[in-house]
Structures are given as structure tokens and as C-alpha cells.
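Working notes for the structure below.
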Amino acid sequence: MAKFKKKRSEPTPESNDSKSKIVDTIDIPETEKSEPISDNSKDPSNDPPINEIAKSEKDKKLSKLFWMRIALAIIAGAAATILFEGIEGEERRWVSIGFMIGIFFGTIIFAKAMNMQLPSSDRKKIVTQGIGSYVFLYLFTWIVSYTLTHLGDISTGINL
């Protein structure tokens with residue numbers, strides 16, 4: 001940030017003047033010249049630009065992958081309650097979490113079969129697309145469906 005200096009003039013020879021004359025001068029430093037922004041498209045180390053049609057097709061496939069994972073999370077969460085009813089205690093929890101991870105790996109294999117043309121910087125999107133929503137919806141659906149199926153078993157709960 002530029003600092004401005006205030007310079008005062010010499011006091012007047014008559015000291016009985018109630019107001020001294022003050023002259024303000026501002027020294028403005030020269031502005032820095034900015035270098036022109038280089039165009040990265042000429043740099044051969046970057047990925048080639050993707051045309052709009054390929055980009056929209058990539059976005060459609062990523063959207064399809066996201067919504068497929070959301071649907072599978074809801075279905076698998078509800079199915080885990082029914083499938084693992086016979087398992088008791090801690091084992092039920094770990095089997096259900098393993099089931100969730102197995103379904104997720106299945107979606108990764110399906111995504112690779114979709115042959116998405118992603119640039120090298122977006123290769124992680126196959127794994128990370130919708131992972132948070134998948135995990136939380138699976139757990140939410142699993143807990144809610146388990147609670148609703150075992151609601152009448154609790155003597156202090158609401159009987160349906």
C-alpha cells in the first residue's frame with residue numbers, strides 16, 4: 001500500500017499568527033507494471049482443451065453416476081436391514097458396512113465400463129463423485145429402516 005507523506009511549510013516569521021500555513025503534498029509512487037497473463041493453451045504440458053460436446057457428454061455421465069449411487073445407497077441401506085436380520089450384535093454392523101463398501105466398488109467398476117473420457121486431472125472423479133452422499137444416505141436409510149422394522153419390539157416405544 002502506498003504511503004503518503006504530509007509536508008509542512010516553514011512557520012511564518014510572525015509567531016502571533018493563530019493559524020500556521022500547512023501545505024499538503026502527496027507523493028504518489030509509480031504504479032507497478034503488471035506482466036501480461038500468459039495463455040496456457042499454448043503450453044504443451046497442459047491437457048488439450050475439451051470441446052463442448054465431449055464436456056457435456058462427460059457431465060451427463062458423471063451426473064448419471066451420481067444419481068445411480070444415490071439410488072443404490074437408498075436401496076442397499078433398506079436391503080441391509082432385511083438381509084442381515086439373522087446376524088446379531090457387532091457383526092451386523094461390520095457386515096453392513098462391508099456390504100456398503102462392496103456396493104460402492106461395484107459402482108466404480110460400472111463407472112469404468114461407461115468409458116468416460118476424462119482428462120488426467122479429473123481421473124479421481126470416478127471414485128469421488130457422490131461418495132459423501134452415498135455413505136450418508138446408506139447409513140441414514142439403514143438406520144431408519146432398522147428403527148421402523150423394530151419399532152414394535154420396544155416396550156416403551158410407540159406401538160404400530
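Among the residues of region 144-151, at least one is modelled with pLDDT under 90 and not in a helix (DSSP H, G or I). For Thr31, the conditions (1) of a type outside the set (D, E, K, R); (2) more than 27 Å from the chain's Cα centre (by Cα); (3) part of a helix (DSSP H, G or I); (4) at pLDDT below 90 are fulfilled apart from (3).
Within region 81-100, not a single residue is closer than 30 Å to Ile53 by Cα and either aromatic (Phe, Trp, Tyr) or more than 20 Å from the chain's Cα centre (by Cα) (or both). Restricting attention to region 120-137, the residues being surrounded by 13 or more Cβ atoms within 10 Å (Cβ to Cβ) and either at pLDDT 90 or above or not in a helix (DSSP H, G or I) (or both) number 7.
For region 138-151, a residue qualifies if it is surrounded by 13 or more Cβ atoms within 10 Å (Cβ to Cβ) and in contact with a Leu (Cβ under 9 Å, 6 or more places away or on another chain), and exactly one does: Tyr138. If you filter region 84-111 down to residues that are of a type in the set (Val, Ile, Thr) and out of contact with any Lys or Arg (no Cβ under 7 Å at 6 or more places or on another chain), you find that the one that is surrounded by the fewest Cβ atoms within 10 Å (Cβ to Cβ) is Ile109.
Checked against the criterion of being among the small types (Gly, Ala, Ser), farther than 22 Å from Ser120 by Cβ and either at pLDDT 70 or above or not in a helix (DSSP H, G or I) (or both), region 34-47 has at least one qualifying residue.
Just a yes or no: is a residue in region 146-157 in contact with a helix residue (DSSP H, G or I) (Cβ under 7 Å, 6 or more places away or on another chain), farther than 30 Å from Ile53 by Cβ and in contact (Cβ under 8 Å) with a residue 40 or more places away in the chain? There is at least one residue in region 146-157 that is in contact with a helix residue (DSSP H, G or I) (Cβ under 7 Å, 6 or more places away or on another chain), farther than 30 Å from Ile53 by Cβ and in contact (Cβ under 8 Å) with a residue 40 or more places away in the chain.
The values are calculated or read from the model by the stated rules, or taken from the named source; none is laboratory data. Since the structure is predicted, the reported quantities are computational estimates derived from the model, not experimental observations. Positions of Cβ are backbone-derived with ideal geometry, glycine not excepted, and every protein chain shown enters the neighbour counts.
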